[in-house]
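Working notes, beginning with the structure itself.
The values are calculated or read from the model by the stated rules, or taken from the named source; none is laboratory data. Keep in mind it's a predicted model, so treat the numbers as computed, not measured. No Cβ is skipped: glycine too gets one built from the backbone with ideal geometry, and neighbour counts run over all protein chains shown.
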Amino acid sequence: MIRKLRWKVVAVTMAVVTAVLLGAMAAVLLSSRAALENQNRDQLRQALQGEAFLPERSGDRAAERAARRIFVAEVYAGGTVRLNQGAFEDLGDEETVLAIINACLAKDEDYGLLEEYDLRYLRQSTPLYLRIAFADSSLEQGTLRAMRVTAALVGAAAFLALLGLSYLLSGLVTKPVEKAWQQQQQFLSDASHELKTPLTVILSSADLLAETASADSAGYVDNIRSESRRMKKLVENMLTLARADDGGHSAAFTLTDWSDTVIDTALRFEPVAFEAGRRLLYDIDENLAVWGDGEQLGRLTAILLDNAIKYAPEGTEVRLSLRREDKTARLTVENGGTPVPPEKIPHLFDRFYRLDEARSDTEGFGLGLAIARSIVTQHGGSIHCESDSRSTRFVAILPVKKAAAQASAAAAAHILSGREKEGGDEGTSG
């Protein structure tokens with residue numbers, strides 16, 4: 001939990017930092033682009049006004065090169081084109097120049113970019129002719145590309161540096177939470193252990209007292225025994241959740257046949273369902289192997305079956321199914337009755353949460369589904385509830401270890417065949 005909280009802090013921090021970085025880089029690139037465009041437009045405007053735009057030997061080779069690629073064309077009404085200023089021989093032959101001019105005339109805007117020629121243009125109408133100034137934009141585009149690459153590299157470096165820093169700082173932020181969480185878990189574990197012993201003594205004493213109790217006090221003794229059992233069950237459930245939060249069961253995980261576990265649990269609940277006036281039906285696929293704790297998986301099935309039997313209307317059916325779906329196994333426990341309101345479904349797996357309408361007359365504590373969720377989470381799966389007018393369904397999904405199951409079956413077959421062979425050899429020798 002603390003680890004997830006820490007990464008959530010990192011994710012929120014990096015989301016804000018990323019937004020700020022992207023905004024800053026976008027602002028720099030846009031302002032630089034606007035500055036370059038304005039500089040180009042000023043050069044074109046000077047060329048249209050007949051001002052000298054070929055700079056003197058200033059040592060700025062980039063500016064001199066850009067100025068050499070500025071030329072002005074005058075297009076008369078009769079179709080005559082006259083070029084002046086600039087070094088138009090750098091642009092190619094006359095056909096290329098005419099193609100450039102025609103492409104410019106096809107544009108609707110007086111200022112724009114001819115991408116196919118890497119030229120910017122600016123048009124100005126006069127009574128006698130149309131005057132057009134052209135300027136090379138390859139330097140501008142190259143500068144923008146270089147800036148984008150630089151911004152990307154700087155942004156990536158800053159992102160990685162801030163990611164490391166935010167992870168370190170998140171440890172400081174979540175440290176008090178981690179300490180409080182550990183203290184809470186330690187308290188639950190210690191309290192559960194400490195309460196188990198006196199509850200066991202109370203139950204033992206109540207059992208002995210019941211043997212010698214008079215008719216008048218027998219009811220009080222039964223109440224003591226009943227409430228002590230309920231409290232013992234609550235303590236055991238709290239201890240289970242505390243252990244689940246610590247991840248204490250992962251070390252006991254082995255390759256487990258979930259199909260056998262579900263079948264055994266279903267057989268145990270058949271008489272329970274019968275006594276409650278419900279009918280238990282189940283359909284289970286064979287040989288569904290998962291990596292986990294068989295005892296805990298059996299408890300998961302028991303919790304869901306117990307929940308379904310309790311809240312199914314009398315005389316109805318409770319359906320249990322275990323199906324293979326691609327690379328997962330899907331356990332579904334379904335019962336009829338009043339559907340769960342949609343706004344309450346997300347809270348069903350919360351600790352001590354109870355639906356007042358359906359659970360006010362039961363002996364539960366609201367911890368069963370919380371324990372079921374912790375078991376499924378430990379096994380790398382998911383659990384959810386679906387409820388409509390037809391039925392209420394609890395669905396637990398776990399990954400299936402197909403390759404491991406096949407390997408285990410092959411190993412078992414090999415051992416069995418070896419034993420049979422040894423037995424045959426012994427019989428022959430005898």
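Which residues, counting only those in the stretch 295-332, are assigned to a helix (DSSP H, G or I) and aliphatic (A, V, I, L, M)?
Result: Leu297, Leu300, Ala302, Ile303, Leu304, Leu305, Ala308, Ile309.
Confirm whether Ser259 is surrounded by 18 or more Cβ atoms within 10 Å (Cβ to Cβ) and either farther than 27 Å from Pro339 by Cα or without any contact (Cβ under 8 Å) to a residue 12 or more places away in the chain (or both).
yes
Pick out the one residue from Leu160, Leu128, Leu169 that is surrounded by 11 or more Cβ atoms within 10 Å (Cβ to Cβ) and either out of contact with any Asp or Glu (no Cβ under 8 Å at 6 or more places or on another chain) or of a type in the set (Asp, Glu) (or both).
Leu169
If you scan the stretch 233-255, which residues turn out to be part of a loop (DSSP other than H, G, I, E, B) and modelled with pLDDT of 75 or more?
Across the stretch 233-255, the qualifying residue is only Phe253.
Which numbered condition trips up Arg268, out of (1) surrounded by 15 or more Cβ atoms within 10 Å (Cβ to Cβ); (2) touching a residue at least 24 places away in the same chain (Cβ under 8 Å)?
(1)
Please specify each residue of the stretch 271-282 satisfying the condition of being more than 14 Å from Val333 (Cα to Cα) and either in contact (Cβ under 8 Å) with a residue 60 or more places away in the chain or of a type in the set (Phe, Trp, Tyr) (or both).
Result: Phe274, single match.
In the stretch 208-232, what residues are more than 26 Å from Gly368 (Cβ to Cβ) and in a helix (DSSP H, G or I)?
Within the stretch 208-232, Leu208, Leu209, Ala210, Glu211, Thr212, Ala215, Asp216, Ser217, Ala218, Gly219, Tyr220, Val221 meet the criteria.
Restricting attention to the stretch 114-173, which residues are among the aliphatic types (A, V, I, L, M), out of contact with any helix residue (DSSP H, G or I) (no Cβ under 7 Å at 6 or more places or on another chain) and not in a helix (DSSP H, G or I)?
Across the stretch 114-173, the qualifying residues are Leu128, Leu130.
Here are some conditions: (1) at pLDDT 90 or above; (2) surrounded by 15 or more Cβ atoms within 10 Å (Cβ to Cβ); (3) under 30 Å from the mean Cα position of the chain (by Cα). Arg323 meets all but one. Which one does it not meet?
With respect to (1) at pLDDT 90 or above; (2) surrounded by 15 or more Cβ atoms within 10 Å (Cβ to Cβ); (3) under 30 Å from the mean Cα position of the chain (by Cα), Arg323 is out only on (2).
Looking at the stretch 81-92, is at least one residue assigned to a helix (DSSP H, G or I), closer than 18 Å to Ser137 by Cα, in contact with a strand residue (DSSP E or B) (Cβ under 8 Å, 6 or more places away or on another chain) and at pLDDT 65 or above?
Within the stretch 81-92, none of the residues are assigned to a helix (DSSP H, G or I), closer than 18 Å to Ser137 by Cα, in contact with a strand residue (DSSP E or B) (Cβ under 8 Å, 6 or more places away or on another chain) and at pLDDT 65 or above.
Check the stretch 38-58 and report whether any residue there is out of contact with any helix residue (DSSP H, G or I) (no Cβ under 6 Å at 6 or more places or on another chain), of a type in the set (A, V, I, L, M, F, W, C) and modelled with pLDDT under 75.
yes
Among (1) over 59 Å from the mean Cα position of the chain (by Cα); (2) acidic (Asp, Glu); (3) modelled with pLDDT under 80, there is one condition Glu64 misses while meeting the rest; what is its number?
(1)
Going through the stretch 18-51 one residue at a time, which ones are under 37 Å from the mean Cα position of the chain (by Cα) and closer than 24 Å to Gln124 by Cα?
Within the stretch 18-51, no residue meets the criteria.
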